[in-house]
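Right, one structure below, let's go through it.
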Amino acid sequence: VSSESGPLASYGEQYLCGFRAGLSYATDGSNEINGTTINVEYRDDAGDPDKAVTAVKELIGDGVNIIAGTASSGVALAVAEQNKVLYISGPAAADAITGINDYTFRSGRQSSQDVATAGTFLDDISGKTVTVFAQDTAFGQGNVAAVEAILGGQGATVNSVLVAEDVTEFTPFAQQVLAGNPDLVFVAWAGATSGA
């Protein structure tokens, strides 16, 4: 279950290509492990938590016992909270996915790892100002929380500029960021408007 359409379709496509390649490699192209055939069904969540939860419930009802995927942190959280079946989260990065329950495991990095790396861009983080520029989504809010916990915990002053996921005009937000005179701008953005 992943984004084959919607704002995170490019991430979903990358995940699915990697999944297929990994499965082929792990099974020498047979889709079998110790004589057991692995049947894979694909569902497009379009980045919509409700659509994903519905698809997962249908799959579980059909006897599927492992769910994998999703590029969206909001979708991953909804899927993990709703079901008691092995769920292997894909590229969704929100830290809240880790440890959400005994059924959910991560197959990709998480926001706190990105933040810890970004903290190394400054020689000394203590006393510095960090502005998080992100979408006002589970992913963006998770990144703000990670920056506050990790870099704020090292003595940085952390503020944020959170904007709607579908924004295409960034000038007023760039002005907000610049007005804060940050030493580091941590950008946490995903989807079709990433280039802009």
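Taking Cα centroids, how far is segment 148-196 from segment 26-41 in Å?
When both Cα centres are located, 43 Å separates them.
Given N residues in segment 21-162, what is Rg(Cα) / (2.2 N^0.38 Å)?
Rounded to two decimals, the normalised Rg is 1.26.
Show me 91-101, 60-70 ranked by packing, highest mean number of other Cβ atoms within 10 Å first.
91-101, 60-70
Collect residues whose amide H, placed 1.01 Å from N in the peptide plane, falls under 5 Å from the amide H of residue 165; neighbours closer than 5 in sequence don't count.
Here the answer is 136, since their amide H atoms fall under 5 Å of that of residue 165.
Where the centre of each part is set by its Cα atoms, how far does segment 111-140 sit from segment 64-89, in angstrom?
Cα centres, segment 111-140 to segment 64-89: 26 Å.
Report the antiparallel proportion of the DSSP beta bridges in the chain as a percent, rounded to a multiple of 5.
If I count the DSSP bridges inside the chain, around 10 percent turn out antiparallel.
Just in segment 134-196: which GluC sites (Glu not before Pro) are loop by DSSP and have at most 10 other Cβ atoms within 10 Å?
Those that pass, being in a loop and sparsely packed, are 169.
Residue-wise, which Karplus ³J(HN,Hα) couplings in Hz belong to segment 47-52, taking 6.51 cos²θ - 1.76 cosθ + 1.60, θ = phi - 60°, and x for glycine or proline?
The phi angles translate into x, 10, x, 5, 5, 5 Hz.
So what are the ³J(HN,Hα) numbers for segment 33-41, from phi and the Karplus equation (6.51, -1.76, 1.60; θ = phi - 60°), rounded to whole Hz, Gly and Pro as x?
Listing the rounded values in order: 10, 6, x, 9, 7, 9, 9, 10, 10 Hz.
Using DSSP to call loops (not H, G, I, E or B), can you name the GluC sites (Glu not before Pro) in segment 27-76 whose Cβ has at most 12 other Cβ atoms within 10 angstrom?
For GluC sites (Glu not before Pro) across segment 27-76 that sit outside H, G, I, E and B with at most 12 neighbouring Cβ atoms in 10 Å, the list reads 41.
Among all the aspartates and glutamates, which ones have a C-alpha under 16 Å from residue 51's C-alpha, if same-chain residues fewer than 8 places away are not counted?
4, 41, 81
Accessible area per residue for the chain in Å², computed with a 1.4 Å probe and the full protein assembly in place, what is it?
52
Check residue 105: other-chain or 5+ apart residues with amide H under 5 Å from its amide H, H built from backbone geometry?
87, 88, 89
Could you run the Karplus curve 6.51 cos²θ - 1.76 cosθ + 1.60 with θ = phi - 60° over segment 67-76 and give me ³J(HN,Hα) per residue in whole Hz, x for Gly and Pro?
Using θ = phi - 60°, the values come out as 10, 9, x, 5, 8, 8, 5, x, 5, 4 Hz.
Could you please state how large a percent of the accessible area of segment 49-196 is carbon and sulfur, counting protein chains only and using a 1.4 Å probe?
Within segment 49-196, the accessible surface is 50 percent carbon and sulfur.
Select from segment 1-104 those trypsin sites (Lys or Arg not before Pro) which occupy a DSSP coil region and have at most 16 other Cβ atoms within 10 Å, ordered by residue number.
Of the trypsin sites (Lys or Arg not before Pro), the ones in loops of segment 1-104 whose Cβ has at most 16 other Cβ atoms within 10 Å are 84.
Please enumerate, by chain and number, the aspartates and glutamates with C-alpha under 17 Å from the C-alpha of residue 128, excluding those fewer than 8 residues away in the same chain.
148, 183
Count the net charge of all other residues whose Cβ sits under 13 Å from the Cβ of residue 131, scoring Lys and Arg as +1 and Asp and Glu as -1.
Taking every other residue near residue 131 into account, the sum is -1.
What residues qualify as long-range amide H neighbours of residue 132, i.e. H under 5 Å apart, gap of 5 or more or another chain, H built at 1.01 Å from N?
Placed amide hydrogens put 159, 160, 161, 186 under 5 Å from residue 132.
The values are calculated or read from the model by the stated rules, or taken from the named source; none is laboratory data. Because the structure is a prediction, the values reported are computed rather than measured. Heads up, the Cβs are rebuilt from the backbone with ideal geometry, glycines too, and the neighbour counts pull from every protein chain shown. In case anyone asks, the SASA skips ligands and DNA or RNA and just uses the protein heavy atoms, side chains included. Shrake-Rupley method; radii C 1.70, N 1.55, O 1.52, S 1.80 Å.
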